[in-house]
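Scroll down for the structure; my scribbles are underneath it.
The values are calculated or read from the model by the stated rules, or taken from the named source; none is laboratory data. Since the model is a prediction, treat every value here as computed from it, not as a measurement. Reconstructed Cβ throughout: ideal geometry from the backbone, glycine too, with neighbour counts over all protein chains shown. What goes into the accessible areas is simple: the full protein's heavy atoms, side chains included, and nothing from ligands, DNA or RNA. Shrake-Rupley method; radii C 1.70, N 1.55, O 1.52, S 1.80 Å.
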Amino acid sequence: MASTSSKSFALLAAVLAVFLGCRLVSTKVWPVSFILPGLPAFPSDGIEGINGMIEKIGEFDLVGPESLITSKHEGSEFMFAALGDGRVVRLAENPKRGGMIQWETVVRTGAEPSGPEAPKCGSGGPTDTTDTERICGRPLGLLVVKRHTVDPDFAGSSDEDSLVVADACKGLLLVTGIYGNAAKLHVMATRAQSDKGDYSFHLLNAVVQAPDGSLYFTETSQQFSRRRIFHAVFDGHATGRLLRYQASSGNVEVVADKIYMPNGITLSHDKKSLLIVAGGENLRDSLEKQ
């Protein structure tokens, strides 16, 4: 009886292995061994007494907010948010309504799906089950910059602000006219100079500007789109990249590749290094050597 049970279990395991293998082939996941580093101790000093008011803003309209940045213009303060339905919105207090936060769409990085039965942008949730992000756009990283530092053809005021957007599907974008009602969307890059002509960025994520005006941004995966981000996690292959855009040439170059899921990026306090969150570790890349 025990022998029969063992054989049945072995057969079941074999069938399950074949099934999982077929599923992995269909998802293009080829797992490799990857061990995450241990977590650091979480600081507890000084956080016990934190309290305050929490206000929920934009429920049911500000869908899947990702990045949130602040800026000042003509004495007023603004916030910009990147949303899961492809919109970038501008938020500000309305003093005429008791300081209530109001918002309006600055731009959508893609387009609304066409057709009477087409799903709405953002209706697919965090995993984009409706597969609309490639149409609607999926802005992730946001950065307010002086337009003249990234647009070599711009001859206007040196004080004009613009938004740089790292869109998971549409590439590196520039939004001008961000404080008015006539914002314009410009495509800065959809691939690196060394990439093949038929390649386009798969999953841009975050962007930061170095002191010399260069834009550094992360591409989390060259194989999987954002809606398949968990496939990239399970796959384990390091296909992410650190990229640099220089306005003088208008080109994107690869600074580093074979990084496991690079995500957030920022400058160090002395502005001499890039700090990158990649998978389960933090990386530092010196700007002085570039």
So which trypsin sites (Lys or Arg not before Pro) in the stretch 196-270 pass both tests, a DSSP loop state and at most 12 other Cβ atoms within 10 Å of the Cβ? LYS196
Heavy atoms of THR176 accessible to a 1.4 Å probe, total area in Å² rounded to 10: 10 Å²
Solvent-accessible area per residue, Å², over the stretch 78-128 with all protein chains present [probe radius 1.4 Å]: 52 Å²
Given axes a ≥ b ≥ c from the Cα gyration tensor, I'd like to know whether the stretch 188-290 is rounded (a/c under 1.5), prolate (a/b larger than b/c) or oblate. oblate
With N residues in the stretch 97-189, Rg(alpha-carbon) / (2.2 N^0.38 Å) equals 1.26
Round to a whole number: what % of the accessible area of the stretch 226-290 belongs to carbon and sulfur, probe 1.4 Å? 49 percent
Which order do THR220, THR266, THR129 take by accessible area at a 1.4 Å probe, largest first? THR129, THR266, THR220
Just the number, please: carbon plus sulfur as a percent of the accessible area of the stretch 59-173, 1.4 Å probe, no ligands or DNA/RNA counted. 50 percent
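How many Å² of accessible area per residue for the stretch 158-290, probe 1.4 Å? Could the numbers behind the result be given before it?
Numbers: 6130 Å² over 133 residues.
Per residue, the stretch 158-290 has an accessible area of 46 Å².
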Using mean Cβ contacts within 10 Å as the protection proxy, how do 75-86, 106-117 order, highest first? 75-86, 106-117
Separation of the stretch 238-290 and the stretch 146-188 by C-alpha centroid, Å? 21 Å
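Per-residue counts of other Cβ atoms within 10 Å, averaged by peptide: what ranking do you get for 151-162, 132-143, highest first?
Result, highest mean Cβ count within 10 Å first: 132-143, 151-162.
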When only alpha-carbon atoms are used, what values of Rg and Dmax, in angstrom, describe the stretch 46-156? 17.1, 54
